[in-house]
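The values are calculated or read from the model by the stated rules, or taken from the named source; none is laboratory data. Model, not experiment: these values are computed from the prediction. Neighbour counts are summed over all protein chains in view; Cβ atoms, including those assigned to glycine, are modelled from backbone coordinates with ideal geometry.
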Amino acid sequence: MIDRTNVETVETNDTLARLCARIRQAPRVALDTEFHTERTYSPRLMVVQLAFDDGAVIVDPLAVPDLRTLIDALGDSIVVGHALSSDLKIFAERFDAVPPTVFDCQVGAAFLGYGMQVSLADLVRDLEGVRLAKSQTVSDWSARPFSARQVEYLVDDVAHLLPMYDKLVVRLEEAGRLSWALEECAALGDIDRYRLDERRAYLRIPGAMRMNRRELGVLSELVKLRDRVARERDLPLKYIIADDVVGSLATLRPKQIEDLDQLRRLDAGTRRQLGKAIVEAVARGEAIPEADLPRRPERPLGQNRDTVAAMMGVVVGEIARLNELPPSLLVPRTALERIAREIPGGREAFDASLELTHWRMQLVADPLWRLLSGELHLAIEGYADGDPKIRLTP
């Protein structure tokens, strides 16, 4: 158990260097972060909390903003956390690096029947028998110095992660699912997971589904422009140009700055500062060769194929129930819709179209194929008795 009187604070480059050396000697280290998201392009890192087997460390990014050496040092250890993707996304955006070897306690717990979103407080209570005082969840982490209650909260967020890691690994081994959890956690340590795919970012804009390919070409260039400006100014995207205005620009396709006057929600300041760049972005979209224009988003499935996807979802749900796993952990809805839309011919093509990892394929590929081939049937039993259950029958 961590000695709570042994909490170090890193506020200088010298203490950061000593911390990095300590991390490189540690086989594993617990990690959590606190950040603000309201007024910046990407979350602004306010605190980094670390825990070793014998003590905790609080790193102050406002005092030592260049934490690249810390991120590099974490690459030499197993990094243990809870709901790590948001923490790692900050590292990816700020430092273009993430620790490659991580263990997410929330992910590990999902393979043991806890569901996909078990909270840290609930997991600590169940595994460690400790109730966390979550009194600082909306604290202002930009304020200095930290209060005693803030420090307690920061330490609580990492103090139990390593003991929980040990317990979860044992339970996962006993259940024969440790390799599954490690495979899932390995994906969190892939930097590409956190990089924006500019080629598809335009699909997030409302109305993209209704646009033709030329309008989508213009839209994609406008989205790239907005992202670049937001990144340069370190401001949220909506502070540059709102989503609906970006969509309106793509359909208006202004050829000169004066055309922007037609959009009342594009204020005078934005027209003055970005008007020329907007018109140039539209021109780039207009100049994209026909063959290179973005493909239109896939339309919703028709009724019959939507029913096929729904039936596959029922089978996945039943497999998940039998294995005490969240259905969303097994197969994403998009994969089922792809199967229903493409109708891959033959088992080999079907397996390839699922695009699932090995352990998932072992659980769901054969039942789904048998369902689609007419060899597996769905039945409801026990409804008249008030206890309906899905049954999969040959």
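Checking each residue in segment 86-143 for being assigned to a helix (DSSP H, G or I) and among the polar types (S, T, N, Q) picks out 86, 106.
In segment 126-159, the residue that is nearest to residue 47 (Cα to Cα) out of those that are of a type in the set (Lys, Arg) and more than 25 Å from the chain's Cα centre (by Cα) is 144. For residue 131, the criteria (1) without any contact (Cβ under 8 Å) to a residue 40 or more places away in the chain; (2) closer than 22 Å to residue 59 by Cα hold in every case but one, which is (2). Selection within segment 324-356: residues that are farther than 29 Å from residue 181 by Cβ and surrounded by fewer than 15 Cβ atoms within 10 Å (Cβ to Cβ). The member of this set that is nearest to the chain's Cα centre (by Cα) is 342. Restricting the search to helices (runs of 4 or more DSSP H) fully inside segment 303-356 and requiring at least 3 residues that are touching a residue at least 40 places away in the same chain (Cβ under 8 Å) gives 303-322. Taken over segment 152-179, the criterion of being among the small types (Gly, Ala, Ser) and in contact with a Lys or Arg (Cβ under 9 Å, 6 or more places away or on another chain) is satisfied by 159 alone.
In this structure, residue 309 qualifies as of a type in the set (A, V, I, L, M) and touching a Lys or Arg at 6+ places or on another chain (Cβ under 9 Å).
Scanning segment 260-273 for residues that are touching a helix residue (DSSP H, G or I) at 6+ places or on another chain (Cβ under 7 Å) and either at pLDDT 95 or above or part of a helix (DSSP H, G or I) (or both) yields a count of 3.
Scanning segment 9-55 for residues that are out of contact with any Gly (no Cβ under 8 Å at 6 or more places or on another chain) and assigned to a strand (DSSP E or B) yields a total of 18. Against the condition touching a helix residue (DSSP H, G or I) at 6+ places or on another chain (Cβ under 6 Å) and basic (Lys, Arg), how does residue 284 come out, does it pass? Judged against the criteria, residue 284 is a match. Looking across segment 357-394, not a single residue is in contact with a Lys or Arg (Cβ under 9 Å, 6 or more places away or on another chain), part of a helix (DSSP H, G or I) and exposed (fewer than 12 other Cβ atoms within 10 Å of the Cβ). Select from segment 228-242 the residues that are modelled with pLDDT of 95 or more and either buried (at least 22 other Cβ atoms within 10 Å of the Cβ) or more than 16 Å from residue 273 (Cβ to Cβ) (or both) and list them in ascending order. If the condition is that a residue be modelled with pLDDT of 95 or more and either buried (at least 22 other Cβ atoms within 10 Å of the Cβ) or more than 16 Å from residue 273 (Cβ to Cβ) (or both), then 240, 241 are the ones that fit.
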